[in-house]
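The values are calculated or read from the model by the stated rules, or taken from the named source; none is laboratory data. No experiment lies behind these values; they were computed from the predicted model shown. A quick note on method: Cβ atoms are made from the backbone with ideal geometry, for glycine too, and the neighbour counts reach across all protein chains shown.
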Amino acid sequence: MTAEPRLTIGELAEAAGMTVRNVRNHAARGLLPPPVLVGRTGYYGQAHLEQLTLIRAMQAEGFNLEAISCLLGGASAGTPPIRPEDVAERWGISEAAARHAAPAMREVAALFDRALSP
């Protein structure tokens, strides 16, 4: 069993292929959960990296940051985002397909003012 990776904001930005400024911007918009603080240093883990990867993929598909915030459920509000692996498991589809389906499912649910149910 391996320990959760502990990345500084600079290491996280490099691993995600973006700048520290972008990571901070995403965090300020509520797109990224806060880091674990140890003293005065914030540490990020694999979940943060996956969230940034998903954000980049959604931007590549043409979603702006406001739309991405709505689709991901607002990480700062404590609402967990739809995780592609959860969608894949629930619907028996590949995780790659789920990465495209999860945001669309949230968007459709929002149109009908309904929460997604199992």
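Overview of results
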| quantity | calculated |
| --- | --- |
| Count of residues meeting criterion [farther than 11 Å from residue 6 by Cα, buried (at least 20 other Cβ atoms within 10 Å of the Cβ) and modelled with pLDDT of 90 or more] in segment 33-54 | 1 |
| Test: residue in segment 6-23 that is over 14 Å from the mean Cα position of the chain (by Cα), within 14 Å of residue 65 (Cβ to Cβ), at pLDDT 90 or above and of a type outside the set (S, T, N, Q) | yes |
| Every residue from segment 28-58 that is in contact (Cβ under 8 Å) with a residue 40 or more places away in the chain, part of a helix (DSSP H, G or I) and either of a type in the set (D, E, K, R) or within 14 Å of residue 72 (Cα to Cα) (or both) | 48, 52, 54, 56, 57, 58 |
